[in-house]
Amino acid sequence: MTSTWRTDIPVLLAEAESGSLDSLTELCHALEPDKMTIDLVRAALKYLRIDRMPKLSLKPGEVLPKNREIQQAVQFCYVLYVATFECYENPSLLEATVEEALPLIDDLCMWIKFFTTHKLAVYMGQPGVVARQHEIAFRAHNHLLFQLVELDPRFFHVFLDSNAYMDLLLHLWTAMDDEGKPYMGITHSRSTCPLLIVLLETLNDDNGKTILFDSILTRQDDFTTRFITATLSRVHRVAFIANDDKNITLEKAMQYISNLVEVLKLLLTNNTLRYQLVRSSYLRAFTSAFNQFFLKAWAKFGLVHKIWHEDILKPIISLSLFFDDNEDPRVIKNLGDMVDGGFPTVLVYALANACQDDKSDTVDMGVTMLDILACHAIYPTISTRVSLESIPKTLINKISTNSRIRDAWTAFEENVKDGVTSYTRFKSSGITLCDNPLVCALPSHFQAHSNDRPQTD
């Protein structure tokens, strides 16, 4: 390899198309968006055809050996990646790229899946150098997919009709690193997480949502569980967003959370996924992570911020099944999961920061939720999990200065104490309150049965 990088792109491209790997590496190093031409795009697409993908039979855990043709494919993929940036600024290049690339969407999706499966990508810090690291590969190719989806509506419409795209999207979403964490890329400046945006846009399209749900539910038995696990893994990471990177602003963190909430809400519209999410205590996971996030955010950003008034309760409440379907018996488990995740603490913090404005949405939502929790405090899954002692007394005193909040809090507190007392008294007599509304037949909010009868979770 020469020690001095050449910059004559037409010459380098001609040599690269003739098979020179060194020239292709120099081309990647010299490439800038404003130097992009349709000839470069055509060369990349010509190489990234599915018939050029190697047929491999690797054993589980076996590393892909170094291969000249594969390295060339990775570098041509980088050329296409750079082209997507220039297409935003160059309408004529965009039109030409759309014409050339639309027929090859399946090929591109299958190549991206191949690259991420074998942890291959051009290292962005040193264009032309191929990295063999999972995180670099997933971040790079997640971003490429995002760029293509966002580039032009014609791309997105073709993606939605592509089985290869749905397969790639699920592959990227369910992939985990060696520590069992998803590749989130939450610090990306434009979208907070490119893959999250792509999934959300797919779900927001009626046709895309139908095809994606079908793709999830018709796979092998454990795939739905893997998909839910990958989704909730991102929920758990919410708690660490504010601490992961000093450059992450509160607004950026909240944008990521908002997008994740929208994905969860759309997943809940499917009965099978809804069942799996409830079974996995999705709301407990989210409430707990959100609670931790705000405690960390308060320490990092301080209390004086409009977001405490506007957005602290909405994400959790919007995910509750209660307001969507009050007859769904799973709402009791839903409310119990909220309590188990520390929702009363979030509620008190929110009300303490909004109690001076009796007309605020936060006060209205907070009082409503206190009333709902108070009405259902007879259930041990709620009353026995409320930790009133963990909520700072100073905050209780502060919210009590507002008569609406004080009355709602007093009712909630008294009902929780009554629920615990009833639960303890019945338990000492060998009787347990029916805590599973799926099997509770009585219209009143509880049913007693002896301990020698089978109990369900």
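Rundown of residues vs (1) farther than 21 Å from G336 by Cα; (2) crowded, with 20+ Cβ neighbours inside 10 Å; (3) without any contact (Cβ under 8 Å) to a residue 60 or more places away in the chain, yes/no style:
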{"position": "E251", "(1), (2), (3)": "yes, no, yes"}
{"position": "L266", "(1), (2), (3)": "yes, no, no"}
{"position": "L273", "(1), (2), (3)": "no, yes, no"}
{"position": "S280", "(1), (2), (3)": "no, no, yes"}
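Of all residues in region 191-228, those that are without any contact (Cβ under 8 Å) to a residue 24 or more places away in the chain and either among the β-branched types (V, I, T) or closer than 22 Å to T287 by Cβ (or both) total 2. From the residues in region 18-33 that are in a helix (DSSP H, G or I) and polar (S, T, N, Q), which one is surrounded by the fewest Cβ atoms within 10 Å (Cβ to Cβ)? That would be S23. Of the helices (runs of 4 or more DSSP H) entirely within region 34-142, those holding at least 3 residues that are more than 30 Å from D177 (Cβ to Cβ) and open to solvent by 50 Å² or more (accessible area, probe 1.4 Å) occupy 38-47, 91-101.
Here the helices (runs of 4 or more DSSP H) wholly within region 369-431 that include at least 3 residues being of a type outside the set (F, W, Y) and open to solvent by 30 Å² or more (accessible area, probe 1.4 Å) are 393-399, 403-428.
Within region 91-139, the set of residues being touching an Asp or Glu at 6+ places or on another chain (Cβ under 8 Å) and β-branched (V, I, T) comprises just one member, V98.
Checking each residue of region 347-361 against the condition of being free of Cβ contacts under 8 Å to residues at least 40 places away in the same chain, in contact with a Leu (Cβ under 9 Å, 6 or more places away or on another chain), open to solvent by less than 70 Å² (accessible area, probe 1.4 Å) and in a helix (DSSP H, G or I) gives at least one match.
Quick one: would you say N271 is within 30 Å of S162 (Cα to Cα), out of contact with any Leu (no Cβ under 6 Å at 6 or more places or on another chain) and modelled with pLDDT of 75 or more? Yes; evaluated as a whole, the condition is true for this residue. Residues in region 192-241 that are closer than 17 Å to F159 by Cβ, over 15 Å from the mean Cα position of the chain (by Cα) and open to solvent by 10 Å² or more (accessible area, probe 1.4 Å): D205, D206, N207, K209, T210, I211, F213, D214, S215. The selection criterion, being acidic (D, E), at pLDDT below 90 and over 15 Å from L168 (Cβ atoms), does not hold for D214.
The values are calculated or read from the model by the stated rules, or taken from the named source; none is laboratory data. Values in this document were obtained by computation on a predicted structure and should not be read as measured data. In this analysis, Cβ positions are derived from the backbone assuming ideal geometry, glycine residues included, and neighbour counts consider all displayed protein chains. Quick note on the areas: whole protein, heavy atoms, side chains included, nothing else; ligands and nucleic acids left out. Shrake-Rupley method; radii C 1.70, N 1.55, O 1.52, S 1.80 Å.
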